[in-house]
Amino acid sequence: MLQNIHVKNIALIDEVELELLDGLNILTGETGAGKSIIIDSISFALGGRVDKNLLREKEEAGFVELVFSDLTDAVCEKLRELDIEPEDHALILSRKITGGRSIAKINGESVPASKLKAAAACLIDIHGQHEHQSLLHTNKHLEYLDDYARAKLADKKTGLAEAYRAYSAAKRALEEQSIDKEEQARELSFLEYEAQEIEAARLTPSEDEELEAEYRRIANGKKIMEALALAGQAAGEDGAGEMVARAMRELSAVADYDESLSALSDELAQIDGLLSDFYRELSAYMEEAQFDGERFAQVEERLNVVNRLKAKYGGSIENVLDALEKRRERIGQLQNFDAYEKKLREQYEKAKNELEALCAKVSDIRKKTGEKLREKMLAALQDLNFLDVRFDLSFTQTEPGPNGYDAMEFLISTNPGEPLRGLKDIASGGELSRVMLALKSVLAENDEIGALIFDEIDTGISGRTAQMVSEKLHVIAGNHQVICITHLPQIAAMADAHFYIEKHVEGQSTVTMVTLLNEEESVAELGRMLGGVAVTDTVLENAREMKKLARQAK
């Protein structure tokens, strides 16, 4: 359940904290007092879009924190699948807005807004003021059915998506091979030419690096030899060698006078030996080095061949050799094209049959579950004062896709003698709201989400219908925490916790405040909702009677 809401510097709210209860939480207040700001704040904390007008005027930062507690084991497991670890079956979601940017956190750890949304989907369902309009879009109807059938459909739909990917790949591969004999011959000839071109080069891995090193050495041969000659002079008999020999003679002349000088003499001997080794290796390199023009021309020509193939086939010898293997494979396919095309067609037919079989299984589950949904919806609609209602699901078959081949539309008739028609033909917003409430109540029976929010579900209804809506909300609140904004006293009377939202002026600012009402305060608020400006004793008595009847209905 949503245990606590903390809102700071959001729209008209300076700072508000709500301790919600289990059951039915009702929020009422004058129009414009800021009731919907509470819902907007919750939506923001759950990863909704950042509205530039959300931040309270003249404030630098706004903040919303939601504390969820008593999470079920099933919900905790879903959260763990998202790499979110609840603490003692509780979770804290928060979001801060600063200068148009936001920072989201789960249990104090920063997360992207997308992860916040994923967590929210496990915790709470918000029915906004205009969500019932989604019923006008028939493509949403199948989503609602699939939500109801989630337990039976989840694995099948995963397999369906994979089967569609395999089918699409097989279909694409087959279509790409739809070429005539003349085109096959042209492609085969061209691929054989390219394969022969690569094969003739007899490339070896890393050959280009070795050639480039040799090319640099030969191209700079004159500079190398000049440098070696100067180095030899500097290190030879007329240079460092002579200087070291002289130093050794000087040390030898005095070594007998001090035994400690023998160590220095040994170091000089080592230096002399190193110089001799260096000079010998240098001389050997200069004698063996070849910088002839013929070898240079060979290396240059080979490099040109290698670099041309690299430029043509992928930038490296590894890519050139990979291109050769692909061409050999394609040549084999074209040389045995009929057999290859037959294999592709068999793969395509197999993938198509598997996809259609899965589509049929998913469709069968949907239709069987749809019958149960139809029955549940009829009962729920009757509970909401649709007295002679008929409700059905109309299935049509489309091209197989990642979601199957079903298209489905809800059909309804609200008056005796009228034919079943699409929901888009229902003109009344109140009727659509009640259909959505019925649907939400039915979906909630199979839903593990603990909290439901209804923002002005009472659009376009009154009287007996409003009373029945309140009773339906009470039924839903038996298994879920329900948070509901309403203008109707019939619904407010059913509250397990009644919050009053009001705004007033402090200095130069307008501030929204939220108060949990006690029994008498709740009666007074019902009186305001019933009587408007003039709340008479009779109105208050009616409010008390309404509360009494609501308790009896529970």
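Annotations for the structure displayed:
- Under 22 Å from the Cα of K372 - lysines, other chains or at least 8 residues apart: K140, K152, K156, K157, K361, K440, K472
- Cα-based Kirkwood hydrodynamic radius, region 1-111, one decimal, Å: 14.8 Å
- Full extension of the chain between R302 and A166 yields a length gain of 44.5 nm, computed as 0.36 nm times the residue separation minus the alpha carbon distance.
- Extended-chain gain in nm, criterion 0.36 nm per residue less alpha-carbon gap, S509 and T396: 35.0 nm
- Among the listed values (i) 0.96; (ii) 1.02; (iii) 1.30, the one computed from these coordinates for Rg/Rh (Cα atoms, Kirkwood Rh) is (iii).
- The magnitude of the dipole of the chain, with charges of +1 and -1 set on the Cβ of Lys/Arg and Asp/Glu and taken from the Cα centre, is near 3240 debye.
- Length released on extending from S110 to N220, taking residue separation times 0.36 nm less the Cα-Cα span: 33.8 nm
- Paramagnetic reach from K350 (point 7 Å along Cα→Cβ, amide N under 18 Å) across region 161-175: 162-175
- Annotation: for a label point projected 7 angstrom from Cα along Cα→Cβ of K58, no residues of region 20-37 have a backbone N closer than 14 Å.
- Estimated inter-spin distance, F337 and L82, nm [label 7 Å along Cα→Cβ]: 5.3 nm
- Point-to-point label distance, A289-K312, nm (Cα→Cβ direction, 7 Å offset): 3.7 nm
- Relative contact order of region 182-337, defined on C-alpha pairs under 8 angstrom at six or more residues apart (%): 44 percent
- Separation of the D272 and A234 label points, Cα + 7 Å toward Cβ, nm: 2.3 nm
- Theoretical ellipticity at 222 nm over the chain - DSSP helices of four or more residues, -39500 (n - 2.57) apiece, nearest 500: -19000 deg cm²/dmol
- From the C-alpha gyration tensor of region 182-337, square roots of 5λ in Å: 62, 17, 9
- Over the chain, Cα pairs under 8 Å with separation of 6+ residues give a relative contact order of 23 percent.
- Annotation note: GluC sites (Glu not before Pro) in region 202-286 located in DSSP loop regions with a Cβ neighbour count of at most 13 within 10 Å are E237, E259.
Readers should treat all values here as calculations from the given coordinates under stated rules, not as data from a laboratory. No experiment lies behind these values; they were computed from the predicted model shown. Here the Cβ is made from the backbone with ideal geometry for all residues, glycine too, and neighbour counts use every protein chain on show.
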